[in-house]
Structure formats: structure tokens, C-alpha cells
Amino acid sequence: MQKVEVQDPHGWIPANVPNGQLFLRADQVAGVVRLSQAEGHLFQADDGDWIISAEGYRAINIVAGIRSIETKTMILPDGREVGNPYIEYDEKTNTPQKFWAYHVTVGRGLDGKPFVSAATVMHDIRLLFLMELNAAIALNKDAGRLCTFDQLDEDERKTGYFEPFHGNMGIYARTECADIIPIVSNFIRRKNYGEREASTLAWKSSLKKHPCMPPVKVKAQLGVASVLVANFLSDFSDQQLHELSRELLATGNVEGASVSNTFIDTQEETSEISLLSHEGGPRF
């Protein structure tokens, strides 16, 4: 990463006033951050667009200085207060099936007032697994098929895997098929690292909503892009951040602040699904 410093070495600017000269401290500066694919700041989506990764946002935040709040609990859509992150387990295998994560970031908006951004992520790895299997068999009939378990013959039951998704209906996948192997590997990886993936997605989704952040999609040449990043002077104490997060969790709002609340279901967000492609592992 290359950071271009703003030419304001003292942070003060003179202002003429009737009784003399008053020096004011600048409360907003900007810098240019160089992002590169080689350093993991960018990745190219299937449609050719260049997208800023979580690593890219970490580089950008060196300039932006957005504060993060890691809360110990979160509120699920059904109203339950649970630990953050939170894991739901499959009843049959007793292994992780769904991950929840919540993150809050705090900075200042264009009006100088606090800007609070919260993001909740639901990372349902079983449904993502089904979606990837369905995509694979749609492209390659030898990879498997849609059916009920009773429709499988003895040989298919020995050489494949059946995952139900609605009653008796499910997806049969031929596990020795080259198109299925990486999908199964990705499913296993998500069981091991789904909590970290959900937490990273929540942090990134929260951070990118701030007004000082550049758009998610950038123009890049040869895998390199330069983005302009604003920095608004933030002087929040740890106690203020704690009180702010408590008020947000209790009421969904913060008095005197602009609030952005985002909910992401990774099975519905095609952009987030692409960030979790098995090709090369996590790309977000």
C-alpha cells in the first residue's frame, strides 16, 4: 500500500478575524491509497468488475481512521439476544450449519456528526452448498441430478451424496465428479472457518457504508487502483463508544447520530456469494 500524505504538515490553517488572526485545526483531510490485486486489496469478479476486498478496506482505513466496536452480544431477527458471533448447529451431524455475526463501526459524516454503521450477517453454509451443487449439475448432467432419495438406484447411493432441500426432494451429487470435489471441499472449509468469514463480512459491510469510503467497485489497470479517502477528525473515547453501541443495540438508533443498519443474507446476495467462491478460497 502507498499512502500519499496531504500537504498540511501542521494541521492548522490561518483565518482572518476582526481582532487579529485565529488559527484553526483542520478537521477533515484526504489521502490517496494505492490498492493492488497482488497485495490482496482487490479481486476481479466473474463479470470483470474490480472489487475492494476486506484486506483493501483495512488498507483504506489506515487513512480513514474509522473506529470499530466488537459487541459481545447481538439481536437476531426473531428478537433473541445471543452471543456474537453465534453458531447454529445441524441436529444430525452436530456440526456448524449457520453463522451469525454483527459489527459496528463509528466515524463522522459530512456534517461532522457521528455516523454509526451496523451490519448483521447470516452465513448459511448449507444453503450455499446446495446452491453450488445445483449450479454444478445444471452445467454438467454427469455431476448429479434433482430427485428424491427413493429415485436413486443402489449404485448411485454408493457413489454419490444426497442432500434434501424440500421434503423428499433434494440434490444428488456424484462425489467422484471433478466438478463436485471442490464444492465439497469448500463446504468443509466453511464449516471450519465460517465464523471468521461471517465476522469479516460483517466488519466489511459495516465499514463500507461510511461516507468517507470509496465505492466497492473501482476502476483498475493491471490489477492496480488508486482511491481517494477522506478522514474526518474522530475523538470518541472508549466510554463514548461503549455507550453508543449499548444505545444502538437497545433501541436501533443513536441520539444525535446518523445510523445505517444493514442485514446481509449471503445466500441472497450474489456479490457476497461470489466473494466466497471455492476458486482460490475466500476472496472477500
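Kindly indicate whether N140 is among the polar types (S, T, N, Q), more than 25 Å from F99 (Cβ to Cβ) and out of contact with any helix residue (DSSP H, G or I) (no Cβ under 7 Å at 6 or more places or on another chain).
Considered against the rule, which asks whether it is among the polar types (S, T, N, Q), more than 25 Å from F99 (Cβ to Cβ) and out of contact with any helix residue (DSSP H, G or I) (no Cβ under 7 Å at 6 or more places or on another chain), N140 comes out as yes.
Counting only residues that are surrounded by 16 or more Cβ atoms within 10 Å (Cβ to Cβ) and within 24 Å of Q97 (Cα to Cα), how many does the range 146-160 have?
Total meeting the criteria: 1.
Could you tell me whether P214 is touching a residue at least 40 places away in the same chain (Cβ under 8 Å) and in a loop (DSSP other than H, G, I, E, B)?
Against the criterion (touching a residue at least 40 places away in the same chain (Cβ under 8 Å) and in a loop (DSSP other than H, G, I, E, B)), P214 qualifies.
Tally up the residues in the range 236-250 that are modelled with pLDDT of 85 or more, open to solvent by 50 Å² or more (accessible area, probe 1.4 Å) and under 19 Å from T120 (Cβ atoms), please.
Going through the range 236-250 one residue at a time, the tally reaches 2.
In the range 54-69, what residues are closer than 19 Å to L249 by Cβ and under 15 Å from the mean Cα position of the chain (by Cα)?
Scanning the range 54-69 gives a single hit, S68.
Just one of (1) surrounded by fewer than 16 Cβ atoms within 10 Å (Cβ to Cβ); (2) touching a residue at least 60 places away in the same chain (Cβ under 8 Å); (3) touching a Leu at 6+ places or on another chain (Cβ under 8 Å) trips up P77, so point out which.
(3)
Any idea how many residues of the range 26-69 are part of a loop (DSSP other than H, G, I, E, B), out of contact with any Phe, Trp or Tyr (no Cβ under 6 Å at 6 or more places or on another chain) and surrounded by 13 or more Cβ atoms within 10 Å (Cβ to Cβ)?
Residues flagged as part of a loop (DSSP other than H, G, I, E, B), out of contact with any Phe, Trp or Tyr (no Cβ under 6 Å at 6 or more places or on another chain) and surrounded by 13 or more Cβ atoms within 10 Å (Cβ to Cβ) within the range 26-69 amount to 10.
Residues in the range 189-205: is at least one of a type in the set (V, I, T), more than 21 Å from H103 (Cα to Cα) and either part of a helix (DSSP H, G or I) or open to solvent by 20 Å² or more (accessible area, probe 1.4 Å) (or both)?
No: zero hits.
Yes or no, residue by residue, for (1) over 18 Å from the mean Cα position of the chain (by Cα); (2) at pLDDT below 95:
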| site | (1), (2) |
| --- | --- |
| P77 | yes, yes |
| G83 | yes, no |
| I87 | no, no |
| E91 | yes, yes |
| N94 | yes, yes |
| A101 | no, no |
| R108 | yes, yes |
| G112 | yes, yes |
| S117 | no, yes |
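So, in the range 153-173, how many residues would count as being closer than 14 Å to N134 by Cβ and not hydrophobic (A, V, I, L, M, F, W, C)?
6
The values are calculated or read from the model by the stated rules, or taken from the named source; none is laboratory data. Because the structure is predicted, anything quoted here is derived from the model rather than measured. Please note: Cβ atoms are built from the backbone with ideal geometry, for glycine as well, and neighbour counts cover all protein chains shown. In case anyone asks, the SASA skips ligands and DNA or RNA and just uses the protein heavy atoms, side chains included. Shrake-Rupley method; radii C 1.70, N 1.55, O 1.52, S 1.80 Å.
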